[in-house]
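Q: Starting off with a structure, shown below.
The values are calculated or read from the model by the stated rules, or taken from the named source; none is laboratory data. The structure displayed is predicted, hence computed values, not measured ones. No Cβ is skipped: glycine too gets one built from the backbone with ideal geometry, and neighbour counts run over all protein chains shown. Please note that ligands, DNA and RNA were not included when accessible areas were found on the heavy atoms of the full protein model with its side chains. Shrake-Rupley method; radii C 1.70, N 1.55, O 1.52, S 1.80 Å.
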Amino acid sequence: MSKPSQAELEQKFEKLAAELRKGWGKTHPMTEKEMAAVRQAVRKQWQEEQKEKAKPQEKSQAKQEKKQAAKKTKTQKKSKDQDRGRDMGHSH
């Protein structure tokens, strides 16, 4: 008798697992209350993950806005300095 291959063992294991789940479902059916609790937990986790995904975007957006504000301030200061340079020494 030859030893079964890894693939054959995995296939038999999957079949056994499916049978166990099917049997467990028949003997221990989930109630609507249990299903609602699972749905709520999954929804809460999903929402938290979405918030985490949004944080880097918010940070990068805030960083960009800060850069733009600094650039605008620098441009305004440069413009004022140029205006002062034009006005100085020309009092005819």
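Q: Being within 33 Å of the chain's Cα centre (by Cα) and open to solvent by less than 100 Å² (accessible area, probe 1.4 Å) is the filter here, so list the residues in the stretch 19-38 that pass it.
A: T31, E34, M35, A36, A37, V38
Q: Consider Q82 against the criteria (1) open to solvent by 100 Å² or more (accessible area, probe 1.4 Å); (2) at pLDDT below 75: it satisfies all of them except one. Which criterion is unmet?
A: So the condition that Q82 fails would be (1).
Q: Consider only pairs whose beta carbons are under 7 Å apart and that are at least six residues apart or on different chains; among these, list those whose first residue lies in the stretch 39-65 and is open to solvent by 90 Å² or more (accessible area, probe 1.4 Å) and whose second residue is modelled with pLDDT of 90 or more.
A: Cβ pairs passing all conditions: none.
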